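FYI, it's all coordinate maths here, none of it is from the lab. The shown structure was predicted, so the numbers you read here are calculated from the model rather than taken from an experiment. Positions of Cβ are backbone-derived with ideal geometry, glycine not excepted, and every protein chain shown enters the neighbour counts.
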Amino acid sequence: MKGAARSAQGSARKAARSRPVQAGARIGIAAYGITHVLVAWLALQIAFGGSGEQANQSGAFQTIAQQPLGRLLLWVLVAGFVAVALWRLGQVISGFAYESDRTRKLRKRVESGGKAVIFAVLAVLAARTAAGNGGGGGGGRGATAGLLGMPGGQLIVGAVGIGILVVGVVTIVNGVRQRFRGDMALPSDRAARAVALRTGQVGFVAKGVAIGLIGALVVVAAVRFRPEEASGLDVALRTLAGQPFGPYLLAAVALGLLAYGIFCFFDARYHRV
């Protein structure tokens, strides 16, 4: 059993370090940036007049699918997302050799595991859209309803919501403190370096705010025992738009998500892959 486990780890490590996977990972990170740029555009439409598409990854993929050769581009994104998931899995197993602190290395490996799951989900979502099966929706509400129906469901959903809020706060702190710098070999050009750092700061803060909004909605759904109030990014942004000065707040978040998308293009080029 141990020999088989070592063999599986070795195979995963070798696959993650292969040039095709590394090149695909950079494509996938750039694709992640494209997704955020489109989500920002959809959010701006909501802020200033409404949008028929969901302001989330599903809406972004639907927008791409509606363009000439859009479905072909989606399959390219699928390949990139799969490559990122494999690369992140390799990091979980043996990554971050440049990190000397064991605690930080463990934290980075845990984060990479979460990101591997995120990109695997994005790959499935993009593939479904490319195949014409739609982006799906309401999954968050269905899962929340199922949890609320369990014994102690309110506590479970509330704990999940608080966990999402914590992730949002950590994302904001990571942006403010520029913790993403350690994973990048930043460009020597001062202007390009400054743009990468500033878009990273603003982008991480905006992304953290958006994640925090989702967490807040999940907590509210648990307190009120109303699963329909808990959903993903689209509902969070539309809820923000409905508040006093909401359109302006939503526009600010949208511009921050746009900055994150731009940062992803730098990350695709300069990340330590």
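Among 23-34, 177-188, sorting by the average number of other beta carbon atoms lying within 10 angstrom of each residue, highest first, gives 23-34, 177-188. Counted by Cβ distance under 11 Å from Gly261, the other residues give a net charge of 0, where Lys and Arg count +1 and Asp and Glu count -1. Per the Debye calculation on the range 158-211 with a single equal scatterer at every Cα and no solvent contribution, log₁₀ I(q)/I(0) for q = 0.13, 0.14, 0.23 Å⁻¹ amounts to -0.36, -0.41, -0.81.
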